[in-house]
Amino acid sequence: MTDWKRLKVGYSPLSADFSQPGDRRRFCHYAESRGVPYEIADPSKAYDLVVVTEGGDLSVWSDYPRGKVVFDFVDPYLSVPRTDPKGLLRGLARFVAGQSRRLQLNHWKALEGMCRRADAVICSTEEQRRTVLPFCHNAHIILDIHSMYGAAKVDYAAGDVFQLVWEGLPHNLVFFREIEDVLRGLASRRHLRLHLVTALRYRQYADKYRSRRAEDLARHLSVPVRLYEWNEQTCPLILAAGDLALIPIPLDDPFAAGRPENKLLLLWRMGVPTVVSATPAYSRAMARAGLSMACRDTEEWRESLEKYMDDEEARRDAGRRGRDFVEANYGEERVLAQWDELFQSVLT
């Protein structure tokens, strides 16, 4: 086991105030659980180990001359086509927003450079790991830790109004376009309500510019909606009270479809039955849990929603299978052990 008291550890977070879930659910939770002392990383200082997230200044940390570096790189940016307009502007946006000290116009090259400098890279899917291996051979797949969510669903009966739930970043509300026609059709035959847990106000463009309201996106949805401000205390209670959770993803979007199964595992940990788009990560998780709730097109979405809306026992079975799967495969100690293995690969 690593003797952390002998090491000076720096952490370059996703957000300066640690408001991003990726800070609390990843290294910071590990550090608290294992008693790892650390400070906000300063590139001018010498560290034995620095953990750099995607929110860090890649233009600086990719050239950091001291100590060991772990890059917590959980998003599939390297899978995005090099012609993608957002990808082409991301490097400039980071520089303008002050996230990069030096201008790196080619964000793909910046990420590749960070992977080359890193002594280990943390990935979130097998597909992403394959994109990282050409630049860093020491790549580990580690998902989020959700053990702090204690709420659990116990009642699978539905009332006169069927309660659908969703949790996520507000700009991802546009993903409901994937199932808009399906929801509209179901709402014409049954009372539905969609509960959305998100940030009620947010900023576009590197999270700094053009303040927007989630309400402006939600009002275009084809079913009655209730919005809730996301916070760590009430979020699990709202989700666990839902009859069925939804995770629609545009399968033709390489970035969105390339993300891991974290959100599904969070819902399963609470025993919430969940219908998802058939991304590679969600499809694998469903297959391993013995469930068929990953949808490839609108017809499969319609069939799945009709089945689970009409069948209380099917919802109960799906919720229990999901919870059993997470407890068997993603318990806190198991994920912490993956972090232990990661750091041993770097520090020994």
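The values are calculated or read from the model by the stated rules, or taken from the named source; none is laboratory data. Note that this is a predicted model, so its numbers are computed, not measured. So basically every Cβ, Gly included, is an ideal-geometry build from the backbone, and we count neighbours across all protein chains shown. Only protein heavy atoms, including side chains, enter the accessible area calculation; ligands, DNA and RNA are left aside. Shrake-Rupley method; radii C 1.70, N 1.55, O 1.52, S 1.80 Å.
Some values worked out for this structure:
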| quantity | calculated |
| --- | --- |
| Single match in 289, 314, 278, 318 (criterion: in contact with a Cys (Cβ under 8 Å, 6 or more places away or on another chain) and modelled with pLDDT of 95 or more) | 278 |
| The one condition in (1) over 22 Å from residue 143 (Cα atoms); (2) touching a Pro at 6+ places or on another chain (Cβ under 6 Å) that residue 8 fails to fulfil | (2) |
| Flag for residue 217 being open to solvent by less than 50 Å² (accessible area, probe 1.4 Å), out of contact with any Asp or Glu (no Cβ under 7 Å at 6 or more places or on another chain) and closer than 25 Å to residue 74 by Cα | no |
| Residue selected from the range 38-60 under the condition of a type in the set (D, E, K, R) and within 22 Å of the chain's Cα centre (by Cα), by the criterion nearest to residue 73 (Cα to Cα) | 54 |
| Count - residues of the range 42-61 that are part of a loop (DSSP other than H, G, I, E, B) and either touching a strand residue (DSSP E or B) at 6+ places or on another chain (Cβ under 9 Å) or farther than 26 Å from residue 342 by Cα (or both) | 9 |
| Sole exception among (1) surrounded by 18 or more Cβ atoms within 10 Å (Cβ to Cβ); (2) touching a strand residue (DSSP E or B) at 6+ places or on another chain (Cβ under 9 Å); (3) not acidic (Asp, Glu); (4) not in a loop (DSSP other than H, G, I, E, B) for residue 64, by number | (4) |
| Looking only at the range 101-131, and only at residues there that are in a helix (DSSP H, G or I) and modelled with pLDDT under 95, the one that is nearest to residue 279 (Cα to Cα) | 108 |
| Elements of type helices (runs of 4 or more DSSP H) contained in the range 262-344, each with 2 or more residues being within 21 Å of residue 76 (Cβ to Cβ) and of a type in the set (Lys, Arg) | 280-289 |
| Every residue from the range 1-33 that is charged (D, E, K, R) and over 19 Å from the mean Cα position of the chain (by Cα) | 3, 5, 6, 8, 32 |
| Any chance residue 301 is within 30 Å of residue 137 (Cβ to Cβ), surrounded by 17 or more Cβ atoms within 10 Å (Cβ to Cβ) and in contact with a helix residue (DSSP H, G or I) (Cβ under 7 Å, 6 or more places away or on another chain) | no |
| Enumeration of residues in the range 37-59 that are farther than 20 Å from residue 19 by Cα and open to solvent by 30 Å² or more (accessible area, probe 1.4 Å) | 43, 44, 45, 46, 48 |
| Residue list for the range 102-117, filter: more than 16 Å from residue 53 (Cβ to Cβ) and charged (D, E, K, R) | 102, 109, 112, 116 |
| Test: residue 100 is open to solvent by less than 20 Å² (accessible area, probe 1.4 Å), more than 22 Å from the chain's Cα centre (by Cα) and touching a residue at least 12 places away in the same chain (Cβ under 8 Å) | yes |
| The range 68-100, residues that are touching a Leu at 6+ places or on another chain (Cβ under 6 Å), outside any strand (DSSP E or B) and over 23 Å from residue 253 (Cβ atoms) | 95 |
| Close pairs (6 angstrom Cβ cut-off, 6 or more residues apart or separate chains): among the basic types (Lys, Arg) in the range 205-233, at pLDDT 85 or above anywhere | 226/195 |
| Number of positions in the range 225-249 that are more than 25 Å from residue 311 (Cα to Cα) and either open to solvent by 10 Å² or more (accessible area, probe 1.4 Å) or among the β-branched types (Val, Ile, Thr) (or both) | 8 |
| Where a residue in the range 120-136 is under 16 Å from residue 51 (Cα atoms) and touching a residue at least 12 places away in the same chain (Cβ under 8 Å) and its partner, wherever it lies, is of a type in the set (A, V, I, L, M, F, W, C) and assigned to a strand (DSSP E or B), with Cβ under 6 Å and at least six apart | 120/70; 121/71; 121/139; 123/139; 123/141; 136/121 |
| Unmet criterion (only one of (1) surrounded by 15 or more Cβ atoms within 10 Å (Cβ to Cβ); (2) under 24 Å from residue 278 (Cβ atoms)) for residue 336 | (2) |
| Leading residue by the ranking (farthest from residue 340 (Cα to Cα)) among those in the range 10-26 that are touching a residue at least 60 places away in the same chain (Cβ under 8 Å) and either open to solvent by less than 30 Å² (accessible area, probe 1.4 Å) or in a strand (DSSP E or B) (or both) | 22 |
